[in-house]
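The values are calculated or read from the model by the stated rules, or taken from the named source; none is laboratory data. All figures in this text were calculated on a predicted structure; none of them were measured in a lab. Cβ placement follows ideal geometry from the backbone for every residue including glycine, while neighbour counts extend to all protein chains displayed.
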Amino acid sequence: MSTDLIYATTAVVLIGLGLYTVLIRRHLVRKLMAVNILGSGVFVLFIALASSGEGDADPVPQAMVLTGIVVAVSATALGLVLIRRIDEADLKNAELAGEER
Amino acid sequence: MSGFPWASAVVLIPLMGGIVCGVVPLRRAAIVGLTTAVATVAATSGLGWRVWHHGSVSESPGGWGAPLGIDLVVDGMAALLVLTTAVVGFAISLFSVSYYAPSQTAEEEQETHHQGFFWSLWLVVWAALNGVFISSDLFNLYVCLEVISLSSVALVGLTGTLALRAAMRYLLVTLCGSLLYLIGVALLYGGWGVLDVQMLASAVDQSMASQVALVAMTLGLALKTALVPLHFWLPAAHANAPAPVSAALSGLVIKASFIVLLRLWSDVFGALDKSILAAALTVLAMTAIIWGSVQALRQTRLKMLIAYSTVAQVGYLFVAFAPDITAQTDPVALQGALVFVAAHACAKAAMFLAAGALAISFGDDCFSSMNGQHIRLIAPFIIFILAGYTLIGLPYSGGGEAKYLLSSAVESAGLPVVGWAMTAGKILATLYVLKVLYHIALPTPEASESIELRRITVGMIAAGLLLSVVAVGLGPASAHLLQLLEASIGTALAAPHSALR
């Protein structure tokens, strides 16, 4: 089994896992993690395709993955802020409902 | 004149303005924002003028050209899109100045606080939209799409509580869409070692990798454009956002991912056999037109109605892919789709702005709380008549011209059934536009007591009127639009036959 194939299989498994979890799970943190796993799968795919052939690996896909990671970090940060805000709003609603009773 | 980098300017000016808005005191943000909007409109006009007189413009920022660098290519199609964005963007900015006006009460002080965030996020969205329309590099398109997504999600979340869940769902959906697109980018780069659209167009063949790339990218971008049944996130996100944000999302943001898809199908995958995928998209497009319109009719809130109308109108966009079932991409269908993008962007933004003005005046946007028959409502009423006229697609309007081009394309492709769905969609659209007009003009029994209407400012009215007049005026001007589109290089649009009436 060649190195390429290991990378390609890993990428497909990660992408599949990510897509499956984001569709099936209800918890928002799990969904956000699933999107991160999906992203990692795509990055592995990029790296695998960079190394096809002999000699040094192609640096362009690595640069793209680096940019992709920056985007993923920003997206995750935004998602976590939103989840915290949603939880705070839920807590406030629960307290209000408790007072009314 | 030729030395000035117009293409870079239309991205850099709003981007810089957005950053400045983030650091100046909150009360100054509106001034900086409006100045940036005017400057961007000026730069876009300069770019449009150049493309109109000298043909397409190509720039390599920093002196790094393709394949390693990123080329900015402004052909007729890109010029039309950045000009549309400039018109809609200016109207949204004008509206926002009065929408986020500084106020005295503590509750509205919070609104003023939001204003600073609104301006920087909105200007960044504008910059990234222009970036999507003019860059010819697949990875740069990904970055611009992600900048649009993240800023749009933050904009939706600005109102807090109710909009937070909608924003979260929008974030997850749009991230999945972008990553599916990125899978395609990886496969294409792995296969041919370039990212430039024009270079790929001459290289891509019928291989397995390109087929998988086509499916992944189409799926991802259809998700971001909210094609039925992938539209589930759109109504809540668009209806719960603040009015100017709704206008930007429905008018412009969903168009960005659609335009990327259109470029991919006509350029990158131009040589590929896409008949099965095109058939699937056409069925979904017809479903979207009918189902979205029926859902729009059933809504009890004005902004939900307009949001479901967007779901329906997205169907018309995807009709552009119907001719691919039998043959290659039809230039007439592409022209129709592009005129449609321009007309719908103006009409839909006008409707959301008018709805925002009505919501201010009535307190909310439920039909039941609308108590009409007031002289101050005459302006939103006129905006809805004009925007509705072009949204339905009645003759001599922008929407009418676009739907004429699309239906003649599907007819020449031998698909009359798509034409029937489009006609049914027109009838349903007429009904839901009439429903809105009825609720504005006539008092509803539940809200019979006379409520004090809050004043709608001149800026809000001017913004809505500007957009609705442009949306209708695109019809008589469509000959010029098609002439502008002819200024394309290397795309299917350069083919000489156009469907001028």
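So which of B:PRO229, B:PRO323 is outside the structural domain of B:VAL417 (by TED's automatic domain parsing) and modelled with pLDDT under 95? Walk me through it before giving the result.
Values: B:PRO323 fails: outside the structural domain of B:VAL417 (by TED's automatic domain parsing).
Just one listed residue meets the conditions, B:PRO229.
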Hey, could you check segment B:209-227 for residues that are part of a helix (DSSP H, G or I) and small (Gly, Ala, Ser) and say which is surrounded by the most Cβ atoms within 10 Å (Cβ to Cβ)?
B:ALA213
Taking into account only those residues within segment B:122-157 that are within 11 Å of chain A (Cβ to nearest Cβ) and among the aliphatic types (A, V, I, L, M), which is farthest from B:LEU34 (Cα to Cα)?
B:LEU138
Counting only residues that are of a type in the set (A, V, I, L, M, F, W, C) and more than 9 Å from chain A (Cβ to nearest Cβ), segment B:163-172 contains a total of 2
Please enumerate the residues belonging to segment B:39-57 that are in contact (Cβ under 8 Å) with a residue 24 or more places away in the chain and either over 21 Å from the mean Cα position of the chain (by Cα) or surrounded by fewer than 22 Cβ atoms within 10 Å (Cβ to Cβ) (or both).
B:ALA39, B:VAL41, B:SER45, B:GLY46, B:GLY48, B:ARG50, B:VAL51, B:TRP52, B:HIS54, B:GLY55, B:SER56, B:VAL57
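For every residue, the table says whether it meets (1) under 22 Å from B:SER407 (Cβ atoms); (2) touching a Leu at 6+ places or on another chain (Cβ under 7 Å); (3) assigned by TED's automatic domain parsing to the domain that holds B:LEU415; (4) not aromatic (Phe, Trp, Tyr).
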| site | (1), (2), (3), (4) |
| --- | --- |
| B:LEU281 | yes, no, yes, yes |
| B:GLN295 | no, no, yes, yes |
| B:ARG301 | no, no, yes, yes |
| B:ALA312 | yes, no, yes, yes |
| B:PRO331 | yes, yes, yes, yes |
| B:ALA347 | yes, yes, yes, yes |
Take A:ILE83 and tell me if it is more than 9 Å from chain B (Cβ to nearest Cβ) and among the β-branched types (Val, Ile, Thr).
no
Only listed residue being away from chain A (no Cβ under 14 Å), touching a helix residue (DSSP H, G or I) at 6+ places or on another chain (Cβ under 9 Å) and within 22 Å of A:GLY16 (Cα to Cα), chosen from B:LEU214, B:LEU223, B:LEU219, B:LEU188:
B:LEU214
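Only one residue in A:ALA77, A:ALA97 is within 26 Å of B:ALA186 (Cα to Cα) and either more than 9 Å from every other protein chain (Cβ to nearest Cβ) or surrounded by fewer than 13 Cβ atoms within 10 Å (Cβ to Cβ) (or both), so which one is that?
Working: A:ALA97 fails: within 26 Å of B:ALA186 (Cα to Cα).
The match here is A:ALA77.
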Quick one: in segment B:275-311, of everything that is among the basic types (Lys, Arg) and in a helix (DSSP H, G or I), which residue is surrounded by the fewest Cβ atoms within 10 Å (Cβ to Cβ)?
B:ARG298
Out of curiosity, is B:GLY160 at pLDDT below 95 and away from every other protein chain (no Cβ under 12 Å)?
no
Restricting segment A:10-31 to residues that are touching a Lys or Arg at 6+ places or on another chain (Cβ under 8 Å) and part of a helix (DSSP H, G or I), which is farthest from the other protein chains (Cβ to nearest Cβ)?
A:THR21
